[in-house]
Amino acid sequence: MVRFSRPASFLSVLWLLVASSPLHARQSIVLRPDRVFDGLGLHDGWSVWVRDGRIAAVGPASRMDAPATARVVALSGLTLLPGLIEGHSHLLLHPYNETSWTDQVLFESLAERVARATVHARATLLAGITTSRDLGTEGAGYADVGLKRAIDLGVIPGPRLIVTTRAIVATGSYNPKGAPEFTLPKGAEPADGHDDLIRVTRDQIGRGADWIKIYADYRWGPNGTARPTFTEEELALVVTVAGSAGRSVVAHAATAEGMRRAVRAGVRTIEHGDGGDAEVFALMAERGVVLCPTLAAGEAILQYDGWRKGIDPQPARIRQKRTTFQLALEHGVPICFGGDVGVYPHGDNVRELELMVEYGMSPIEAVRAATSGNARYFAIDDEVGMVREGLLADLGDAR
């Protein structure tokens, strides 16, 4: 058993990861907390038997049929729960108050960015995140594929990764931008029209993408306002091509129209959703499309610009975000735990959980989203996300 901890105000988290080490994975261990949160609800007096890195049994301690040779670990005063699943990370970015996004993309070498990412991966794991969906390398090519392999091989510590490689943007929409006569490296891969979108989607899948990420809108409208980038037909084409290879599509979308097009096209999750309205949230709920609100990134950027939370009045952007998040909840939209971490420090992932509760979710709803919810949304619930017999023993404890 590998035991690790990180101070966190959300649940005073003290995590342990049972399946991270081959040596420890071969052990037979009985964990005896005061209670177990199994991904859905709380159960007093339950224990969990872990064998060969998987959950062999879970239930009332009095009925636990573990062998006498199993090592017993008492977790008095603690609640055992599944490892958290981060839904929106960028391991190849670091906080923008250290270095701006543009300078990271243009001036940091690939070697430096990968070196930083190995540190970020470790910090993420130590924060109790045992799986992370990493949504774009932001100019670092296919480095996320290599990071995923290095973690899987045990070369570096980190969470299991779901990767999207370069992401797809419409020509002319994405950054960095300079003088119009210059062609600068971009933070994602441009593609347009029928043949180009098919080729780029297939190429990213062939190079290791587990999901395809596409930007349904971006800040390229008049005066830098957000406007849709792809037509609904283009988005649907990407969904069809990705789906034929068993991949889901995630869409960056902050405008109601960009969200609407992406939902109708068949994407699985919408990232950000700042401008969502009642109509689009009703459509998302009807079709089971998941919202990943990235609350923590929005607050972090405003704080970098000088906003003092708790002292200064709430900026209009925060008031709008609260309103749209509550509107999504009212319409029954499935909510993903994913903070856009990388905008703020890796290892501070639970900041998003705190804000999900502050903005209107109950604590148990938020933790469900970060465990069984994300496992189901990402189609990995046959391996992680719950404390259930047969699943991987990615477990944590909380006071």
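Taking the conditions (1) charged (D, E, K, R); (2) more than 24 Å from VAL239 (Cα to Cα); (3) in contact with a helix residue (DSSP H, G or I) (Cβ under 9 Å, 6 or more places away or on another chain) in turn, ARG166 satisfies each one other than (2).
Counting only helices (runs of 4 or more DSSP H) wholly contained in region 20-127, the ones carrying 2 or more residues that are of a type in the set (D, E, K, R) occupy 110-126. Of all the numbered requirements in (1) surrounded by fewer than 22 Cβ atoms within 10 Å (Cβ to Cβ); (2) more than 19 Å from the chain's Cα centre (by Cα); (3) under 29 Å from GLN27 (Cα atoms); (4) of a type outside the set (S, T, N, Q), ASP305 misses one, and that requirement is (3).
Please identify the pairs in which a residue from region 145-169 that is over 26 Å from PRO82 (Cβ atoms) has its Cβ atom under 8 Å from the Cβ atom of a residue that is of a type in the set (Phe, Trp, Tyr) and surrounded by fewer than 18 Cβ atoms within 10 Å (Cβ to Cβ), counting only partners at least 6 apart or on another chain. As it stands, the answer is THR165/TYR142; ARG166/TYR142, since those pairs meet every condition given. Among the residues examined, THR269 qualifies as in contact with a helix residue (DSSP H, G or I) (Cβ under 7 Å, 6 or more places away or on another chain), closer than 23 Å to GLY87 by Cβ, among the hydroxyl-bearing types (Ser, Thr, Tyr) and crowded, with 24+ Cβ neighbours inside 10 Å. Can you tell me which residue within region 239-261, out of those that are in a helix (DSSP H, G or I) and within 21 Å of the chain's Cα centre (by Cα), is nearest to LEU283 (Cα to Cα)? Checking each candidate, the answer is MET259.
Kindly provide the set of residues from region 328-354 that are over 20 Å from GLY396 (Cβ atoms) and assigned to a helix (DSSP H, G or I), ordered by number. Full working, then the answer.
At the first step, the residues of region 328-354 found to be over 20 Å from GLY396 (Cβ atoms) are 328-335, 340, 342-344.
Within region 328-354, ALA328, LEU329, GLU330 meet the criteria.
State yes or no: is ASP44 touching a Lys or Arg at 6+ places or on another chain (Cβ under 6 Å) and free of Cβ contacts under 8 Å to residues at least 12 places away in the same chain? Against the criterion (touching a Lys or Arg at 6+ places or on another chain (Cβ under 6 Å) and free of Cβ contacts under 8 Å to residues at least 12 places away in the same chain), ASP44 qualifies. Determine whether GLY154 is at positive phi, at pLDDT 95 or above, part of a loop (DSSP other than H, G, I, E, B) and not charged (D, E, K, R). So GLY154 passes the test. Within the option set ALA68, ALA115, being at pLDDT below 95 and either surrounded by fewer than 21 Cβ atoms within 10 Å (Cβ to Cβ) or not assigned by TED's automatic domain parsing to the domain that holds VAL343 (or both) holds for one residue only, ALA68.
The values are calculated or read from the model by the stated rules, or taken from the named source; none is laboratory data. Every value quoted in this text rests on a predicted model; they were computed, and no experiment measured them. Glycine also receives a Cβ, built like all others from the backbone with ideal geometry; neighbour counts cover every protein chain displayed.
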